[in-house]
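The values are calculated or read from the model by the stated rules, or taken from the named source; none is laboratory data. All of these numbers come straight from a predicted model, not from anything done at the bench. Positions of Cβ are backbone-derived with ideal geometry, glycine not excepted, and every protein chain shown enters the neighbour counts.
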Amino acid sequence: MKKSLPVLIILFAAFLLSACGDSRKHTQAVYMLVDTSGTYTKQINKAARVINYLLATLNPGDSLAVAKVETRSFTEKDIIDKVTFDRRPSEATQQKRAFKSRIEAFTRGVHGSAYTDITGGLIQAAEYLNETRAGKKTIVIFSDMQEELGKGTVRDFPIKLNGIRIVALNVSKLGTDNADPRLYIDRLAHWKARVLKAGATSWEVVNDLDNNMEAILDPRR
C-alpha cells in the first residue's frame, strides 16, 4: 500500500530532526569559569591564554562560553560571552575574532569580587552545556578552588553535573596551604568528591599550562 503524501512529509520531517540531533553528538561544548575574586584577578592573563587556546582548537559547530566566578555566579549577567560556532569555517573564524575581542575588553577592565561562588557557576554552566546538546561537555574552572560565600548565599545542596567533564586549571596554593599542605590536598579532594557525586564523568586538575594545555579538551574527541 502506498503511503499518503502527508505521512511521507511527517516521516521526512522526523528524519531531518533526527539527523540534526545526531549531528550535535559529534560536537564539543566548553564552559569556562574564571575566578575574579580578590588577588586571583592577577592571574587573568593566564586565563586569557587558555581562552585563546580554546578558540584556536574548537571546531565549527562547537560551543564556547566564558563566565565570571564572583560573589553570586548563578546568573546570566556573569557570562562574558557565549557562542556556537557556525559550521561554515569562514563564519566561525569571524565569530572567534569577535569573541577574542570581547574577552580582551573584559580582561582590561576586570575588578576583583569579595566572594567566590563556584557552586553557582557550576550550576549555570551545566544548564548552558545541556542546552547545547553537544556530545562532549566540559566545564573548565580557572580558580584556586577556595569557595567563599557571602551572607545569604545558599549552596549546600546537591547539584547535577551528569555527563560533564570537570577540569580545574591553575589551582594556585594559598598562603595557608604553604603552612599546611593538607589544606590544599583536602580542598581538591572535597571538590573531586562533590562533582563526581553530582554525576560528572571525570575530575581533572591541570596546573602546568605551559606543557599540558591540550589536556583541557576531551581526549576522546
Result of the Cβ filter at 7 Å on segment 192-206, keeping first residues that are over 16 Å from P158 (Cβ atoms) and partners that are at pLDDT below 95, at least 6 apart or interchain, is E204/A215; V205/V171; V206/N212; V206/A215; V206/I216
Only one of K100, K42, K46 is on the phi < 0 side of the Ramachandran plot, in contact with a strand residue (DSSP E or B) (Cβ under 9 Å, 6 or more places away or on another chain), charged (D, E, K, R) and surrounded by fewer than 22 Cβ atoms within 10 Å (Cβ to Cβ), namely K46
Subset of segment 23-65, residues assigned to a strand (DSSP E or B) and free of Cβ contacts under 8 Å to residues at least 40 places away in the same chain, comes to L64
Would a scan of segment 174-185 turn up a residue that is at pLDDT below 95, out of contact with any Cys (no Cβ under 8 Å at 6 or more places or on another chain), among the small types (G, A, S) and within 21 Å of V30 (Cβ to Cβ)?
-> no
crowded, with 16+ Cβ neighbours inside 10 Å and either at pLDDT 95 or above or among the small types (G, A, S) (or both): is that true of S63 in this structure? yes
From the option list A179, A198, A193, single residue qualifying as buried (at least 16 other Cβ atoms within 10 Å of the Cβ) and farther than 17 Å from K136 by Cβ is A198
Within segment 103-112, residues touching a helix residue (DSSP H, G or I) at 6+ places or on another chain (Cβ under 8 Å) and either in a helix (DSSP H, G or I) or crowded, with 20+ Cβ neighbours inside 10 Å (or both) come out as I103, E104, T107
